[in-house]
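Reviewing the structure listed below.
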Amino acid sequence: MDSTKRTLLIILAAFVLVVAVIAIYVYVGEKPPVATGEIIKLDAVPIHSEMRVGEGAQGVQGGLDTYDQLLVLAQIRVRNQTNIPLFLRDMWADVELNNGDVQRSSAAGKSDFQNVFVAYSQLASLKQDQLQNDITLQPGQTAEGLVIFHYPVTKDQWDARHSFDAAISFRYQKNLLLSWPPKKK
């Protein structure tokens with residue numbers, strides 16, 4: 001065997017060895033996510049409001065101002081699958097509209113959550129316990145509840161969306177991303 005072939009063979013063997021070591025490191029070091037979860041149910045409720053805009057000159061009534069918005073009520077379940085406590089910190093969701101725009105909404109806080117059901121009595125049948133921010137999930141514990149997101153979009157824009165992804169943020173851990181409809185595995 002000449003020296004060129006021998007050198008190429010040594011380089012190839014070294015390359016295969018490095019790739020094998022990296023593969024073993026990744027396989028052994030790969031940890032499952034700290035939490036699992038799912039969006040169990042999702043209701044998108046359009047809200048259409050019309051408000052009369054002030055008075056014009058000499059007491060003539062102004063026009064109507066319309067406002068369309070969408071409340072997204074997501075029933076979410078989260079499970080701690082580690083042997084350490086998880087500290088749920090925050091929740092938000094992104095909707096990617098048909099035109100490519102992405103809109104983010106933070107989950108309604110405790111008082112806003114209650115106010116939604118006062119302001120929109122038609123939602124009473126959808127009310128459940130809220131999935132709270134700032135809770136601690138002990139190892140193996142599951143938490144479930146309703147989360148409300150608000151978007152200034154119409155029902156047609158929602159129906160034509162590309163995606164809806166909710167994020168559950170934990171202190172000191174990676175976020176848990178949940179899609180609707182659930183993505184096939």
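The values are calculated or read from the model by the stated rules, or taken from the named source; none is laboratory data. Quick caveat, the model's predicted, so the values are computed rather than measured. Neighbour counts run over all protein chains shown; Cβ positions are idealised from the backbone, glycine included. These area figures cover heavy atoms from the full protein model, side chains too; ligands, DNA and RNA do not enter into them. Shrake-Rupley method; radii C 1.70, N 1.55, O 1.52, S 1.80 Å.
Worth a mention:
- Solvent exposure of the chain amounts to 66 Å² per residue of accessible area, where only protein heavy atoms count and the probe is 1.4 Å.
- Descending semi-axes in whole angstrom, ellipsoid equivalent of the chain, from the Cα gyration tensor: 50, 24, 13
- Distance between the modelled labels on residue 19 and residue 36, one decimal in nanometres: 3.3 nm (7 Å Cα→Cβ projection).
- The calculated FRET efficiency for the pair residue 117 and residue 66, based on their C-beta separation and a Förster distance of 41 Å, comes to about 0.95.
- GNM top mover of 81, 141, 122 - the chain, alpha-carbon springs below 10 Å: 122
- Exposure ranking of 84, 47 by accessible area [1.4 Å probe, largest first]: 84, 47
- GNM on the chain, alpha-carbon springs under 10 angstrom: the most fluctuating residue among 144, 38, 50 is 50.
- Using the rule -39500 (n - 2.57) for each DSSP H run of four or more residues, divided by the residues of the chain, the 222 nm mean residue ellipticity is -7500 deg cm²/dmol.
- Heavy-atom accessible surface of the chain: percent carbon and sulfur, 1.4 Å: 55 percent
- Dipole of the chain, positive direction: furthest Cα of 82, 106, 53, with charges on the beta-carbon: 82
- Gain on full extension, evaluated as 0.36 nm per residue between residue 98 and residue 177 minus their Cα-Cα distance, stands at 26.4 nm.
- Scaled against 2.2 N^0.38 Å for its residue count N, the alpha carbon radius of gyration of the range 63-113 is 1.66.
- Accessible-area value, residue 41, 1.4 Å probe, nucleic acids and ligands omitted, Å²: 90 Å²
- For residue 21, the solvent-accessible surface computed with a 1.4 Å probe is close to 90 Å², ligands and nucleic acids excluded.
- Here the label points at residue 8 and residue 43, each 7 Å from Cα along the C-beta direction, are separated by 7.0 nm in the simple model.
- In terms of accessible area, using a 1.4 Å probe and ignoring ligands and nucleic acids, 105, 3, 49 rank largest first as 3, 49, 105.
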